[in-house]
Amino acid sequence: MSNNRREFLKNIALGSGAVAATSLMSATSPAAKEEVKYIRKSAERVPAMKFNMCGYAAPKLDKVRVGFVGIGDRGIGAVERMTYIEGVEITAICDTRQAALDGAQAKLVKAGLPKAKEFTGSDTAFKDLCESGLVDLVYTATPWEWHVPVGLAAMNGGAHTAIEVSTAKTMDECWEMVETSERTRKHCVILENCCYDFFELLTLNMVRQGAFGDLIHGEGAYIHDLDYWHFNKPKDDKPGGDGAYDKLWRLHENTRKANVYPTHGLGPICQAMDINRGDRLDYLTAMMSDDFTLERRIKELAPDRPDLKQFLGKEMRGNMDMQMIRTVKGRTIMIQHDISSPRPYSRIHMLSGTKCFAQKWPLQHIAFGHNVADEAKMKELQEKYQPEIVRRVGEMAKQVGGHGGMDFMMDWRLIDCLRNGLPMDMDVYDAAAWSCITPLSEWSIANGSKPIDIPDFTRGAWKTNKPIDITLNGGGTTGVRNLKDADSKGQLNVH
């Protein structure tokens with residue numbers, strides 16, 4: 001935050017805005033403010049850069065040996081998707097549940113691939129996997145508390161790592177990821193699949209081709225009623241994908257008054273705005289509603305659910321939280337998060353520029369003025385601005401699946417970059433900048449929506465870092481296997 005803006009806010013607090021500020025702050029628990037005061041101190045830490053990982057091309061890997069840690073709903077899907085990607089050898093799998101490992105092995109056998117070495121027996125069995133020398137890439141889909149420990153173990157063990165969202169929970173974890181990636185020169189990729197959805201890729205290419213003019217504002221969200229997943233009783237004998245969170249881990253996460261899941265909405269906007277590569281996130285302010293549903297549901301179900309009684313009397317997160325973010329170049333971003341209100345799913349993706357406007361959810365709209373494009377114009381835009389990755393693997397991605405194909409395109413691009421020695425589309429600075437919204441929103445919410453600076457994880461390199469290359473230059477050579485008729489529409493050849 002600039003000195004001028006700090007002085008301006010200080011003067012408001014001392015002047016005519018003092019009454020309003022005092023009223024607002026009086027609604028905030030002193031205990032809550034005390035509990036999160038360490039966040040600001042951690043956010044202000046600026047370690048020296050050891051090596052710039054943005055644009056870094058690691059040595060090529062003809063074969064990518066992949067180890068999976070966490071074979072739950074997301075992990076089992078990732079194992080299956082990777083069986084379709086040429087040049088991948090799934091050499092290791094890790095989970096605390098034998099049933100989950102059995103499920104992963106079944107996927108490998110079905111694909112005609114060798115079984116992987118299993119690592120289990122404790123919560124930290126992943127350390128043995130990371131130190132085994134069997135893997136080039138550790139793919140992490142565990143509960144959130146294990147994301148960073150697994151990622152750090154992978155990089156320190158000599159492997160690249162790809163980590164499900166949100167990647168980190170604390171500011172210290174964000175910085176630890178950055179410092180470890182720089183020191184080891186191992187990629188730390190945030191697995192933000194929404195950056196590879198078809199409409200997000202289309203609008204990103206339109207931005208790159210100048211169709212939007214100058215971007216002004218973006219909005220993103222994760223609005224998803226997770227009542228079923230939060231409260232459905234897990235089945236320990238089912239190998240992932242049972243529609244419940246093991247040991248109710250995500251319900252535990254929602255005792256935190258923060259945006260605990262910001263990256264689905266934020267990631268695609270940051271890519272469109274070249275955040276960390278020409279612009280950066282400057283500061284945010286956050287606000288959260290009260291909780292109108294979670295505590296009520298817990299009280300309703302707890303008499304018949306002994307596992308829920310641990311939550312009785314605990315304050316849960318509010319239904320809706322919002323963050324307003326300003327970038328250094330003067331753009332604005334709004335992010336929303338609500339997982340406990342009975343409302344339709346919406347993962348808002350909105351971009352507003354000086355020439356064009358686009359919005360997704362509930363419908364896809366593109367406009368160049370007051371009126372949205374009709375069906376014929378939309379088809380014309382899709383044909384003109386379809387990005388290369390969609391031309392090459394989009395139809396195959398739809399066949400493999402994973403949120404309509406975006407999961408497969410994300411995994412395929414990750415492997416293709418490693419095999420061709422290309423920089424990552426999403427690097428450790430993105431993982432840190434997108435994930436740090438969680439602790440920073442927690443601080444702002446606890447302090448009456450006060451603004452808080454967002455660290456520059458690139459430490460000035462954002463001014464010269466080049467935007468990600470969405471043309472597939474130097475890559476696009478990785479094939480797909482075990483998929484029938486995948487090349488019928490001009491896609492990559494199938495072997």
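The largest accessible area among TYR38, TYR222, TYR56 belongs to the first residue in TYR38, TYR56, TYR222, and the rest follow in falling order (1.4 Å probe, all chains). In a fully extended conformation the segment linking ALA367 and LYS314 would gain 14.5 nm over its present Cα-Cα distance, using 0.36 nm per residue.
Find the relative contact order for the chain and round it to a whole percent, using C-alpha pairs within less than 8 Å whose residues are 6+ positions apart. Don't skip to the answer; put the middle values down first.
Details: 1029 pairs, mean separation 110.2, N = 495.
About 22 percent, as a whole number.
Between LYS41 and ASP307, the simple label model (points 7 Å from Cα in the Cβ direction) yields a spacing of 3.7 nm.
Computed on protein heavy atoms with a 1.4 Å probe, the accessible areas place THR255, THR477 in the order THR477, THR255, largest first. Remark: region 391-466 carries a charge dipole of roughly 280 debye about the Cα centre, counting +1 on each Lys and Arg Cβ and -1 on each Asp and Glu Cβ. Loop-only GluC sites (Glu not before Pro) in region 34-135, please: DSSP not H, G, I, E or B, and at most 12 other Cβ atoms within 10 Å. Loop-located and lightly packed - GLU44.
What is the magnitude of the charge dipole of the chain about its Cα centre, with +1 placed on the Cβ of each Lys and Arg, -1 on the Cβ of each Asp and Glu, and no other charges, expressed in debye to the nearest 20? It would help to have the intermediate numbers written out before the result.
Working: 63 positive and 65 negative charges, 141 e Å.
Roughly 680 debye for the chain.
The ratio of the alpha-carbon radius of gyration of region 88-213 to the globular-protein estimate 2.2 N^0.38 Å is 1.23.
With N residues in region 252-323, what two-decimal value do you get for its Cα radius of gyration over 2.2 N^0.38 Å? Spell out each step's value before the answer.
On the way: Rg = 17.0 Å, N = 72, 2.2 N^0.38 = 11.2 Å.
Here the answer is 1.52, to two decimals.
With the simple model of a label 7 Å out from the Cα in the direction of the Cβ, ILE216 to LYS355 spans 1.5 nm. Going by accessible surface with a 1.4 Å probe and the largest first, ARG40, ARG277 read ARG40, ARG277.
The residues of the chain expose, per residue, 42 Å² of accessible area to a 1.4 Å probe. Full extension of the chain between ASP290 and LYS398 yields a length gain of 35.0 nm, computed as 0.36 nm times the residue separation minus the alpha carbon distance. Extension gain, GLU300 to MET49, is 85.2 nm, computed as 0.36 nm per intervening residue step minus the present C-alpha separation. With 27 Å as the limit, the listed pairs LYS37/LYS309; LYS329/LYS466; LYS33/LYS466; LYS169/LYS314 have LYS37/LYS309; LYS33/LYS466 beyond it between alpha carbons. Backbone phi angles across region 386-395, fed through the Karplus curve with coefficients 6.51, -1.76 and 1.60 (θ = phi - 60°), yield HN-Hα couplings of 4, x, 4, 4, 6, 4, 7, 9, x, 5 Hz in residue order; Gly and Pro are listed as x.
Hey, any idea what % of region 347-457's accessible area is carbon plus sulfur with a 1.4 Å probe? Before the final figure, lay out each step's value.
On the way: 1960 of 3980 Å².
Here carbon and sulfur together make up 49 percent of the probe-accessible area.
Under the simplified labelling scheme, the ARG481-ALA111 pair shows an inter-label distance of 0.9 nm, with each label point 7 Å from Cα along Cα→Cβ.
Arrange the peptides 325-332, 345-352 so that the one whose residues have, on average, the most other Cβ atoms within 10 Å appears first. Don't skip to the answer; put the middle values down first.
Working: 325-332: 17.6, 345-352: 19.2.
So the order, starting with the most tightly packed, is 345-352, 325-332.
The largest-to-smallest principal axis extents of the Cα set in the chain are 71, 56, 47 Å.
The values are calculated or read from the model by the stated rules, or taken from the named source; none is laboratory data. If you're wondering where the values come from, they're calculated on a predicted model, not measured in any experiment. A quick note on method: Cβ atoms are made from the backbone with ideal geometry, for glycine too, and the neighbour counts reach across all protein chains shown. Only protein heavy atoms, including side chains, enter the accessible area calculation; ligands, DNA and RNA are left aside. Shrake-Rupley method; radii C 1.70, N 1.55, O 1.52, S 1.80 Å.
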